[in-house]
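What follows is a set of notes on a single structure, which appears directly below.
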Amino acid sequence: MITAERKPLEELIDYIRPFRRLLLVGCNECVTVCAAGGRKEVGLLASGLQMALLKAGASIEVREHTLERQCDPEYVEELVPMIDGVDAVMSMACGCGVQEVARRFKDKPVFPALNTKFMGASERQGVWAERCQGCGDCLLGKTGGICPIARCAKQLMNGPCGGSTGGHCEIGDDVDCAWALIWERLKALGLQENYVEITPAKDWRSGGGGGPRKIIREDLAE
Amino acid sequence: MDNFEPVIVAFCCHYCAYTAADMAGSQRLSYPPNVKVVRVPCSGKVDAMHIVKAFEKGADGVYVAGCLEGDCHFKNGNSKAARMVAYVSKYMEEIGIEPERLAMVTMSAGMGYRFAQVATEMTEKIRRMGPSPIHAAIATGKAA
């Protein structure tokens, strides 16, 4: 999923201070799962914003609405009946959702309530960790299902660096060395020959180095 | 805000604090009427939203009362509640409400005395602190 965290309240208040009526829009997808921008977080933030402004002698009317998915125009269309009644919109979706709302409602200021972080998985309740950087040319088939792009701080392609100690990365003992994990996994699978095979320098054009990426499914595209 | 009487919301677990409140009654122990008790099936059922809304509506103090550590009827609802209360305390700081206005307490069903003591101590603490900034802002808005 795409993970995110709420921005500091102070930053959000600076965004909305000039406005009187705000539409706070959540998203029922990834940000709900990582407890950053679902219906409940929309409610908590709406209360927090109103209280913080009330305390400062100001006030704002916050309308709450959570879309099934904020990165699809069909769902964003649901906001049409509400949009005229507000001065600004604050989105609690990832950056994709914020941009989709801004694209649809060009005459309304749209602010992000979250900092979008990474594509990750849930390690345990309440903990999410980076697992994929969307490089566009997946290597997991050769690396035992562990990604050296997302999980190695140096994105090394052919084994660990000299900073790998006891299975940990030199950036911190709480970070596993991706290549130590890969080696252990390949050993367990009896696929050590994958490790000795030299991977050539990666072509980063598919990973965003060639500009913004797009997928077109010709059978579906209208 | 002369003669300030704090409004305190106490979310009480059915299996401990709520029963302790009953026990306090049976023992004829008095505690301040400022404390409004909300019975919940487990302290772990109390959500951040319940606490935030209580403050938004003008509560001066809120506490969550769960079972003693290791004694949760649902295994670990009380420790989840304690983590949630710590999380909401930080959010309150961001909003500008003193986090001391929120507390997590534990007790057993037999501790009627402790229930009355916690209710009294919390009421006195909040009375000394004065109205919550939100309560004060609501009152100012109504007076204006």
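The values are calculated or read from the model by the stated rules, or taken from the named source; none is laboratory data. Keep in mind the model is a prediction, meaning the values are calculated, not measured. Glycine also receives a Cβ, built like all others from the backbone with ideal geometry; neighbour counts cover every protein chain displayed. Surface accessibility is based on the protein's heavy atoms, side chains included, excluding ligands, DNA and RNA. Shrake-Rupley method; radii C 1.70, N 1.55, O 1.52, S 1.80 Å.
Counting only helices (runs of 4 or more DSSP H) that sit completely within the range A:33-92, those holding 3 or more residues that are of a type in the set (A, V, I, L, M), within 14 Å of chain B (Cβ to nearest Cβ) and touching a residue at least 24 places away in the same chain (Cβ under 8 Å) correspond to A:39-55. When B:Glu121 is tested against (1) open to solvent by 30 Å² or more (accessible area, probe 1.4 Å); (2) more than 14 Å from chain A (Cβ to nearest Cβ); (3) more than 17 Å from B:Val40 (Cβ to Cβ); (4) in contact with a Leu (Cβ under 9 Å, 6 or more places away or on another chain), only condition (4) is not met. Where strands (runs of 3 or more DSSP E) fall wholly inside the range A:94-183, the ranges with 1 or more residues that are farther than 24 Å from A:Trp204 by Cα, among the small types (Gly, Ala, Ser) and open to solvent by 60 Å² or more (accessible area, probe 1.4 Å) are A:114-124.
Report whether or not B:Val85 is of a type in the set (A, V, I, L, M) and within 18 Å of A:Glu41 (Cα to Cα). The answer is yes for B:Val85. Within the range B:84-98, restricting attention to residues that are part of a helix (DSSP H, G or I) and among the acidic types (Asp, Glu), the residue that is farthest from the other protein chains (Cβ to nearest Cβ) is B:Glu93. Residue-level check: of (1) at pLDDT below 95; (2) open to solvent by less than 40 Å² (accessible area, probe 1.4 Å); (3) under 20 Å from A:Ile146 (Cβ atoms); (4) not aliphatic (A, V, I, L, M), A:Gly208 misses just (3).
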